[in-house]
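Q: Here it is, the structure, as structure tokens.
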Amino acid sequence: MALLEVDNLKIQAMKDDGTPVPIVKGVSFEIKAGEVVALIGESGSGKTTISLASLAYTKPGLEFSGGEVRLHGEDLLTMDPLKQRDMRGQRVAYLAQSAAATFNPAITIGEQVTESAVLHGILSQEEATKRAEELYVALELPDPDRLGGRYPHQVSGGQLQRLMAAMALVGKPDLLVLDEPTTALDVTTQIEVLKAFKKVIREQGSAAIYVTHDLAVVAQVADHIVVLYSGEVQEQGPVDQIINHPTHDYTRRLMAAVRPTPTAGMGDDTEHGHGRSEAAIAARGITAGYGGIVDGEPAVTILRDINVEVERGDVVGVIGESGCGKSTLARVMAGLLPSARGEIVLGGKTLAPALKDRDRDELRKVQFVFQMADTALNPRQYIGDILGRPVEFYLGLTGQEKRKRVAELLDMVELPIAFAERFPMELSGGQKQRINLARALAGNPEVLLCDEVTSALDSIVGANVIKLLTALRNKTGVSFVFISHDLSTVGSFADKIVVLYAGRVVEQGPTDQVLSPPYHPYTRLLITSVPELRIGWLEDTMQTREAAAGIARGVEITAVGCPFFNRCPIAIPGTCQLEVPPVRLHGDGHQIACHHTLDEVEESEAGPQQILHGYEKPIMDDDAAKKP
């Protein structure tokens, strides 16, 4: 018998005049114990709305209008409200997309992880604490004995995501609802979290609903897939059938939008539209951080001696894990964070480090496109006013000329002119991101700094935004600094790639060369960590030496040596952690910062052993990696 049965579920909203609007239109599927069922589809397909029905819950403005949701044969929708309350957290647990928003920053991790089980009377505090520590071990979290005494800000994003799973599992629920739990994570962290979720679900015998738009992730964790579009099931079946033999056109469209594995030849060829010799923008010798500057050094150094150039009309992709300094580099270029050392040069002219000291024309030329359009756009202003303000500020246009320019901007981002009379809340996520871009383009900038602009979008909408950016680049000649942790997206869009690790450039060069051997060991780790649309990819990847050496270890920002030493499968003890690696040139503009020669790096990538200056040595164990 199925653990959860969703039978002809219908959910609707009501218009102001009382007319019902169907949102979920007769959806049916079932989940057995120990099974993971994935709900996939683009934004607005009803994935989260359907998954929340397993808690007998709808968002404000929605209501159940038909069907049943049965847990162990009992209909949750007609259950007494007090019984529904007891069911939530005891028998069905929900994991939200944002772990950072889920945890209270003022309460210790242990208190929050055990709270639900203790409040519901499932376990005593002592039993719950013991259970939590067992889950920390199962989820491969560090220092499980003392982890509960820490606060949320004292652990990484990937660890916080796994702690949210521990919070849900502590009361031993029958069903887990995982709502996009890896969408905002970088590739190496995503592997850790996926591996931990898969292991714990199998060991605990729980069932799970996994909500996502990423088919490559689904292929690693799901047993059964339900494909949704506009609140209706388009296709469902075992994961092998949906991935390898899809029958519905919409499923094939989703498959076509899956980000390809990064390979040589992905980058675009570009004609430099401005026809001027100097770079559009360049960072030279940049050292920057936070907490003020003491004796020429930041209190907390994030970037160290960064040198990056962006040619006119080019797209430079900046990649790396969370915390490596990508956004900090963009903030320094924009003047939002003055650097401690080094200079930002725009079209041959050195800019003042701080935004307040730059003139209006310099501000116009460098525009920032923020990651979250929801927080970047004023919810109380019409779209026409949001776009009109920079048009007036930078170009001095008013009245009819201003309205004409706003219409041009909307057309440029492929949105109808009627959107000028709408508020941001009336737009979808992808449409809001287009408005975000249009605002940045309002003053005819020369450089756009795009900070993770597609990370929160589903694969189809994200692919459309990339197509739009490519068209804008070709049409306007604007240069892009495109920041992302997604190497596949960067590889398909950028002319040049800069790989950041712990605040330093470890590799940079033309996209074609960066994605071809020899790679810096960290670049190779990133490339091998991009999920493939293949069943069994996760298990295969966890067997690689890159995973064994580097995935589970944290990033350490160091002032001496190579910061990747503690995670590198070809590290040279006694050298790598003590000396700054030399920059080795390979081809036209391709640079790799490594103590190994490029021949040694390439040879090490071809075989299972380390190549250490003429002799072979097995991959270091944890103890060896910790030695100075």
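Q: Considering only DSSP beta bridges with both partners in the chain, what is the antiparallel share in %, to the nearest 5?
A: Just about 60 percent of them are antiparallel.
Q: Continuing with the same structure: Identify all lysines with a Cα-Cα distance to K32 below 20 Å; exclude those on the same chain that are fewer than 8 residues away in sequence.
A: Within the straight-line cut-off, K32 pairs with K47, K172, K198, K199.
Q: Where Lys and Arg each count +1 and Asp and Glu each count -1, what net charge lies around L355 among other residues with Cβ under 12 Å from its Cβ?
A: Value of the local net charge: +1.
Q: In nm, to one decimal, how far is the modelled label at M372 from the one at S98, with both set 7 Å along Cα→Cβ?
A: 0.3
Q: Give me the percent relative contact order of region 1-138, please, defined on Cα pairs under 8 angstrom at least 6 residues apart.
A: So the answer I get is 22 percent.
Q: For every other residue with a beta carbon closer than 12 angstrom to the beta carbon of G320, add +1 if it is Lys or Arg and -1 if Asp or Glu, then tell me the sum.
A: Spelling it out: positives minus negatives among the neighbours equals -3.
Q: A further question on this structure: E452: net charge of surrounding residues, Cβ under 11 Å, Lys/Arg +1, Asp/Glu -1, itself excluded?
A: That works out to -2.
Q: For the chain, what is the mean residue ellipticity at 222 nm derived from helices alone (per DSSP H run of n ≥ 4: -39500 (n - 2.57); sum divided by total residues; nearest 500 deg cm²/dmol)?
A: After summing the helix terms and dividing by the residues of the chain, the value is -10000 deg cm²/dmol.
Q: Provide the gained length on full extension for the span D361 to A418, in nm with one decimal, where the gain is 0.36 nm per separating residue minus the Cα-Cα distance.
A: 17.5 nm
Q: Distance between the C-alpha centers of region 206-228 and region 72-105? Whole Å please.
A: A separation of 20 Å, based on Cα centres.
Q: When M1, M255 are ordered from fewest to most other Cβ atoms inside 10 Å of their Cβ, what list results?
A: Ascending Cβ contact count within 10 Å gives the list M1, M255.
Q: Sort H248, H213 by Cβ crowding within 10 Å, fewest neighbours at the top.
A: Going from sparsest to densest Cβ surroundings: H248, H213.
Q: For labels at T470 and N244 in the simple 7 Å Cα→Cβ model, what's the distance in nm?
A: In this crude label model, T470 to N244 measures out at 3.0 nm.
Q: Can you put T398, T476 in order, fewest other beta carbons within 10 Å first?
A: Ranking T398, T476 by Cβ neighbours within 10 Å, fewest first, gives T398, T476.
Q: Here's another thing I want to ask about it. Taking one equal scatterer on every alpha-carbon of the chain, how large is log10 of I(q)/I(0) by Debye at q = 0.05, 0.07 1/Å?
A: Log10 I(q)/I(0), no solvent term: -0.24, -0.48.
Q: Within region 74-112, which residues have the backbone N less than 13 Å from the label spot 7 Å out from Y57 along Cα→beta-carbon, could you tell me?
A: 84-98, 102
Q: Modelling each spin label as a point 7 Å along the Cα-to-Cβ direction, I'd like the A256/D145 distance in nm, to one decimal.
A: 5.7
Q: Please work out the Kirkwood hydrodynamic radius for region 74-195, using every pair of different C-alpha atoms, and report it in angstroms with one decimal place.
A: 14.8
Taken together, the values in this text are just the output of simple stated rules run on the coordinates, not laboratory data. As the structure is a computational prediction, the values presented were derived from the model and not from experiment. Here Cβ is always computed from backbone atoms with ideal geometry, including for glycine, and neighbour counts include all displayed protein chains.
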